[in-house]
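Since the structure comes first, as structure tokens, the remarks are kept for the end.
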Amino acid sequence: MLYGDNCLFWLAFAGKDRLDEEKYCRRCNNLKGKVKELDIAQNLKTIEWLKAELVDSVAALFKALLQKGNDAIQDAASSIVIITYLLARRVGVTFSVLDQAIKEKLSNSIKESEEIGSWSGDLSELYKYLESKKRW
């Protein structure tokens with residue numbers, strides 16, 4: 001029998017005694033498919049909301065760049081980073097896997113840019129900064 005932290009009905013009625021807890025857990029087991037459907041639908045809704053927030057934050061960044069206000073630029077840029085991490089997590093990419101992918105992408109980009117010579121300094125500086133913060 002499922003009960004405890006894994007049961008949505010138990011969480012909703014956490015103040016009930018053990019007999020009620022087991023009753024609600026049985027109910028959860030009986031409605032397992034429905035609960036999963038609701039969970040998937042909620043996850044899709046959250047993903048769509050995050051995508052809209054990402055577009056909104058990019059628009060805010062572009063507007064802030066026109067106004068040349070550092071606070072607005074910092075706010076929009078930080079929102080983009082946060083939303084990107086949350087969106088990746090919602091679609092199954094863990095934070096650590098995302099960090100590793102960023103590290104690899106930066107490393108590859110540094111190698112490529114050294115051949116061209118355009119962004120090498122900026123990319124190297126970002127790589128060193130992220131590495132110094134012990135994110136990897």
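The values are calculated or read from the model by the stated rules, or taken from the named source; none is laboratory data. The structure displayed is predicted, hence computed values, not measured ones. Every residue, glycine as well, gets a Cβ built from its backbone with ideal geometry; the counts of neighbours run over all protein chains shown.
General observations
- In the condition set (1) more than 27 Å from Ile47 (Cα to Cα); (2) in contact with a Lys or Arg (Cβ under 9 Å, 6 or more places away or on another chain); (3) free of Cβ contacts under 8 Å to residues at least 12 places away in the same chain, Phe95 is compliant with all but (1).
- Boolean, Leu66 is surrounded by 12 or more Cβ atoms within 10 Å (Cβ to Cβ) and either part of a helix (DSSP H, G or I) or modelled with pLDDT under 90 (or both): no
- Boolean, Lys111 is over 24 Å from the mean Cα position of the chain (by Cα) and loosely packed, with under 15 Cβ neighbours inside 10 Å: yes
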